[in-house]
Amino acid sequence: GAGVSQSPSNKVTEKGKDVELRCDPISGHTALYWYRQSLGQGLEFLIYFQGNSAPDKSGLPSDRFSAERTGGSVSTLTIQRTQQEDSAVYLCASSRSGLAGVPYTYEQYFGPGTRLTVT
Amino acid sequence: AQRVTQPEKLLSVFKGAPVELKCNYSYSGSPELFWYVQYSRQRLQLLLRHISRESIKGFTADLNKGETSFHLKKPFAQEEDSAMYYCALSNNNAGNMLTFGGGTRLMVKP
């Protein structure tokens with residue numbers, strides 16, 4: 001079946017502009033994660049959605065970052081007033097479930113990423 | 001706070017040589033550990049997880065709670081093993097989000 005897809009694959013934007021990154025998870029996966037892969041910080045968690053519950057935003061680096069997930073499926077990560085330090089590859093992953101307290105972590109399937117360059 | 005450390009950014013070996021990619025972690029709960037791999041121009045994918053206790057593509061990894069380590073090993077490296085390897089720890093007290101190490105690039109020379 002289809003894996004996790006992300007769009008666009010590449011995005012170049014000017015400093016100060018807003019950008020939206022899209023993620024289509026695997027159908028039926030209730031958990032969705034955003035990560036960022038950058039030279040300076042490696043791979044870091046940003047935000048997590050589980051079903052219709054409120055998202056865990058504990059990894060967002062600033063209030064310029066936000067994300068939503070509509071209908072428990074597609075997710076959009078928005079970065080407002082982009083800065084050069086936002087340049088990175090933004091990865092989306094989905095899994096069957098991410099319920100807290102369950103002593104088993106389902107495999108996370110990653111998308112190809114969106115490479116964001118802020119000039 | 002949980003943390004994953006991979007001390008080697010680059011590991012270069014010859015084909016047929018043994019390889020060990022090191023991973024150490026800190027976590028207050030019961031850890032769930034993974035190795036993810038990213039081959040050139042491919043997406044990040046799961047290689048193996050400690051609870052499976054299985055060998056994937058000849059790789060194995062044993063969780064050592066006393067040393068807080070989860071090193072990845074293969075007795076005879078192949079050129080197709082060249083890739084970026086990430087050790088990851090799941091936060092299973094929250095939403096199972098992953099904390100990744102900095103990654104080790106494995107280069108297997110012919």
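Please state which one of A:Glu107, A:Glu14 is more than 11 Å from the chain's Cα centre (by Cα), charged (D, E, K, R) and closer than 28 Å to B:Glu32 by Cα. From the options A:Glu107, A:Glu14, the qualifying one is A:Glu107. Scanning region A:15-31 for residues that are at pLDDT below 95 and not in a loop (DSSP other than H, G, I, E, B) yields a single hit, A:Ala31. The set of residues from region B:56-104 being assigned to a strand (DSSP E or B), under 11 Å from the mean Cα position of the chain (by Cα) and within 14 Å of another protein chain (Cβ to nearest Cβ) comprises B:Met84, B:Tyr85, B:Tyr86, B:Cys87, B:Ala88, B:Leu89, B:Phe100, B:Thr104. Scanning region A:1-14 for residues that are assigned to a strand (DSSP E or B) and either crowded, with 20+ Cβ neighbours inside 10 Å or not β-branched (Val, Ile, Thr) (or both) returns A:Ser5, A:Gln6, A:Ser7, A:Asn10, A:Lys11. None of A:Leu77, A:Leu60 is surrounded by 13 or more Cβ atoms within 10 Å (Cβ to Cβ) and free of Cβ contacts under 8 Å to residues at least 24 places away in the same chain except A:Leu60.
The set of residues in region B:9-59 being surrounded by fewer than 17 Cβ atoms within 10 Å (Cβ to Cβ), in contact with a Lys or Arg (Cβ under 6 Å, 6 or more places away or on another chain) and more than 22 Å from A:Thr105 (Cα to Cα) consists of B:Leu10, B:Phe14, B:Glu20, B:Gly58.
Filter region B:46-55 for residues that are under 30 Å from B:Pro110 (Cβ atoms) and either hydroxyl-bearing (Ser, Thr, Tyr) or in a loop (DSSP other than H, G, I, E, B) (or both) and give the result.
Once the filter is applied, which keeps residues that are under 30 Å from B:Pro110 (Cβ atoms) and either hydroxyl-bearing (Ser, Thr, Tyr) or in a loop (DSSP other than H, G, I, E, B) (or both), region B:46-55 yields B:Glu54, B:Ser55.
Among the residues of region A:15-38, none qualifies, meaning not one is exposed (fewer than 13 other Cβ atoms within 10 Å of the Cβ) and within 14 Å of chain B (Cβ to nearest Cβ). Could you go through region A:70-80 and let me know if any residue there is of a type in the set (A, V, I, L, M, F, W, C) and not in a loop (DSSP other than H, G, I, E, B). Yes, region A:70-80 contains a residue that is of a type in the set (A, V, I, L, M, F, W, C) and not in a loop (DSSP other than H, G, I, E, B). Every condition in (1) at the interface with chain A (Cβ under 10 Å from one of its Cβ atoms); (2) under 10 Å from the mean Cα position of the chain (by Cα); (3) basic (Lys, Arg) is met by B:Arg41 except one, and the failing one is (2).
Working carefully through the options B:Asn96, B:Asn64, B:Asn92, find the one that is in contact with a Phe, Trp or Tyr (Cβ under 9 Å, 6 or more places away or on another chain) and loosely packed, with under 14 Cβ neighbours inside 10 Å.
Every option except B:Asn64 fails the conditions.
Residue-level check: of (1) of a type in the set (Val, Ile, Thr); (2) at pLDDT 95 or above; (3) out of contact with any Pro (no Cβ under 9 Å at 6 or more places or on another chain), B:Ile56 misses just (2).
The values are calculated or read from the model by the stated rules, or taken from the named source; none is laboratory data. Predicted model only: the values in this text are computed from it and were never measured. No Cβ is skipped: glycine too gets one built from the backbone with ideal geometry, and neighbour counts run over all protein chains shown.
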